[in-house]
Every structure is written in structure tokens, then in C-alpha cells.
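Before any comments, here is the structure.
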Amino acid sequence: MANNQAPVIGSKNVTGENYKGTAAKVYFTKVIDSAHLIKLYNKINENIYGKVAVKLHTGEKHGPNILPRDMVKDFMAQVPNSAIVECNTLYQGDRFTTEGHRDTLKVNGWTFCDVDIMDENEETVTLPVRNGFHLKEVAMGAHLTNYDSMIVLTHAKGHAMGGFGGSMKNIAIGCASGHLGKAQVHGVDPNNVPENYLVWPMKEYFMELMADSAAATCQYFGKHIVFINVMRRLSVDCDCAGVTAAEPTMKDIGIIASTDILAADQAFIDMVYNAADSHDLKERIESRVGMRQLSAMAEKGLGNPQYEIIEID
């Protein structure tokens, strides 16, 4: 992996390595607004059809870093028959119960379109994991299978356990049902979840569990799933930290979009490592062994680590 490789704009090989075969296309813009988000999406939406799930992290109450609601509203208006999808949380925060989750959605302004809490009645659907590291199946929110396609619209940033949260983290944890599924992904007993998440399994094992869960969703949707990483408000903390999230110490980067989950997350990390002001986020990634997210996906063929950047003005 070319973690210190500076991206070269203009549909070039940015990995710095010779490789055989194809490279995934990653579309990129430095401009973070509705028009450019829609423009990038239109480059990758060929196989998005039918009823569309938009997997978004809607955040804890008053979270300062969640994606701008107006931008998402404009985007959703361009995706017919779509709904934001979420699941309840394993930790006891604002979204632990469906009732609390609904209230949090209102507080955070997610009122302009349908928001489907896929496990709202603690209902689950079990998806198989083909060729996983540890899991053979994962309990997802039951409504997941009501959708024909999925857009993974991610606020790319840091994460307390994963080091960083990109597209893989968004679906690996976000699509898993709030109690059973998320316990599976975190490697804890669903009937005896430790209150302190710092004692949950972490590092390589956790990254591999996330890769298994993400694989289940990707394998279910096949070619009908796309990935957008919005690289703004790059806190070392996830939006699940709410108002306690650390203030970002680096500048916004832009938006990337791809039909390849690994290429999307690899490009995000390469851009972070190329940024002069990314010390804090790099420290968070490395202290949690977050790079294992990328190598785990590569080992299981979940995407292509070789990619080309195509910049969109």
C-alpha cells in the first residue's frame, strides 16, 4: 500500500507501484458542495436502480461534524425512490433505542426525507459472509433486504476504535443490527456487552471483523452499491462521539467517489497521509492499527488497492 504516496491528479496511477490488470477509478473534487457531490455521483451511478438505500451516519445529538443537511437534502432530491438508512447503536447513547434514535434524527435535522431505522423493532436479517476471516454470517437490520441498491455516503474521519472511519466502517458497523449484529462485529457477547468499549476487542481482530461485515453487505448488493467519502471536518473522532468529538486539526480535503470500496478508502487514506497537517489523524490511525482495514479488504478481494484518480472541477 502506498500510504505516503501523493495523489497525482488526472487519471494517473498513484500507487507508485507497477501492477498488472486494471485499476479502479476514483473520482475526486476539492470542492465540497451539493453540485460537486451530485456530479461525482453521476459518474458512478450506472448500476444504481430501484429502491435505493443511502447509508449515512446521522450522528449523535448536536454533533458538530456530521455532513451538512442541506447538501444531503439536495443530493437525495437527485436520487429517486431513496431513503436514508440507519440502525440503532450497541452503546447506550442517543440512538440506542428506536425512540431515542427518532428524537435524535429530529434534533439533527434529518427531517427532509424518509429515514429508515432498519432494525426499529429489533428485527434482523442474517446475511452470509463468503470467505470471511472470523464470521460466517452477520445480523443486519431487517429492512436492508427491502432495497435494490445502496449508496454509501460517508463522512470520512477518524474513529476511536478503527483508527479511521471510511466507507468500510460505515457499512460494517452501520448496517449491522443495533444489538446482535453490532455485538458480532465488535466481537463481544450480545448478552453481556461490557459498558466500557475500551475493553472490547480492538486492533487487527476488530478490523477483520469489520471487513467480514462489510463483505456481507457488498456481496448482497453486488454491483448495485457505490461509495462516496466526504473528507471534511476531519476529526480524529467518529460522529458517534457527538459534542465530545475532538475539533479537527487539519483542513478539509474534498470528495471522492468510486464503485470500489477498497479504492475509495485507500484513496482517502493516501490523501490524509499526503496532507501536511494530518499528524493527529495519522496518529489516531496508527495507534489503532487502522491500516489493517485496507489490507484485510485486499486479502479477501473486497476491492482493488490499485486506483486512478480522475479529478472533476
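The values are calculated or read from the model by the stated rules, or taken from the named source; none is laboratory data. Bear in mind that the values here come from a model prediction, so they are computed numbers and not experimental data. Every residue, glycine as well, gets a Cβ built from its backbone with ideal geometry; the counts of neighbours run over all protein chains shown.
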If you check Val85, Val79, which single one turns out to be part of a loop (DSSP other than H, G, I, E, B) and either in contact with a Gly (Cβ under 9 Å, 6 or more places away or on another chain) or surrounded by 15 or more Cβ atoms within 10 Å (Cβ to Cβ) (or both)? Val79
Is it true that Ile66 is in a loop (DSSP other than H, G, I, E, B), under 19 Å from the mean Cα position of the chain (by Cα), more than 30 Å from Gly93 (Cα to Cα) and at pLDDT 95 or above? no
Looking at (1) out of contact with any Asp or Glu (no Cβ under 8 Å at 6 or more places or on another chain); (2) surrounded by fewer than 18 Cβ atoms within 10 Å (Cβ to Cβ), can you tell me which one Lys251 breaks? (1)
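Looking at region 136-145, which of its residues are surrounded by fewer than 19 Cβ atoms within 10 Å (Cβ to Cβ) and touching a residue at least 24 places away in the same chain (Cβ under 8 Å)? I'd like the intermediate steps shown before the answer.
As a first pass, look at region 136-145 and keep what is surrounded by fewer than 19 Cβ atoms within 10 Å (Cβ to Cβ): 136-137, 142, 145.
Scanning region 136-145 gives Glu137, Ala142, Thr145.
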Collect the residues in region 148-165 that are in contact with a His (Cβ under 9 Å, 6 or more places away or on another chain) and assigned to a loop (DSSP other than H, G, I, E, B), keeping them in residue-number order. Asp148, Met161
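What number of residues within region 113-147 are charged (D, E, K, R), in a strand (DSSP E or B) and under 19 Å from the mean Cα position of the chain (by Cα)?
Filtering region 113-147 for residues charged (D, E, K, R) gives 114, 116, 119-120, 122-123, 130, 136-137.
After this cut, where a residue has to be in a strand (DSSP E or B) as well, the list is 116, 137.
Those still in the list that are under 19 Å from the mean Cα position of the chain (by Cα) too: 116.
Residues in region 113-147 being charged (D, E, K, R), in a strand (DSSP E or B) and under 19 Å from the mean Cα position of the chain (by Cα): 1 in total.
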Which pairs do you get when a residue that is touching a residue at least 24 places away in the same chain (Cβ under 8 Å) and under 16 Å from Val138 (Cβ atoms), found in region 174-196, comes within reach of a residue that is of a type in the set (Asp, Glu) and not in a loop (DSSP other than H, G, I, E, B), reach meaning Cβ atoms under 7 angstrom, with the pair 6+ apart or on two chains? Gly174/Glu86
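Looking at this structure, is Thr58 in a loop (DSSP other than H, G, I, E, B), among the β-branched types (Val, Ile, Thr), under 19 Å from the mean Cα position of the chain (by Cα) and more than 21 Å from Met231 (Cα to Cα)?
Answer is no for this residue.
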Picking from Ala83, Ala139, Ala77, Ala53, which residue would you name as being among the aliphatic types (A, V, I, L, M), more than 25 Å from Ser213 (Cα to Cα) and modelled with pLDDT of 95 or more? Ala77
If I go through region 182-208 residue by residue, how many of them are out of contact with any Leu (no Cβ under 7 Å at 6 or more places or on another chain), surrounded by 15 or more Cβ atoms within 10 Å (Cβ to Cβ) and part of a loop (DSSP other than H, G, I, E, B)? 3
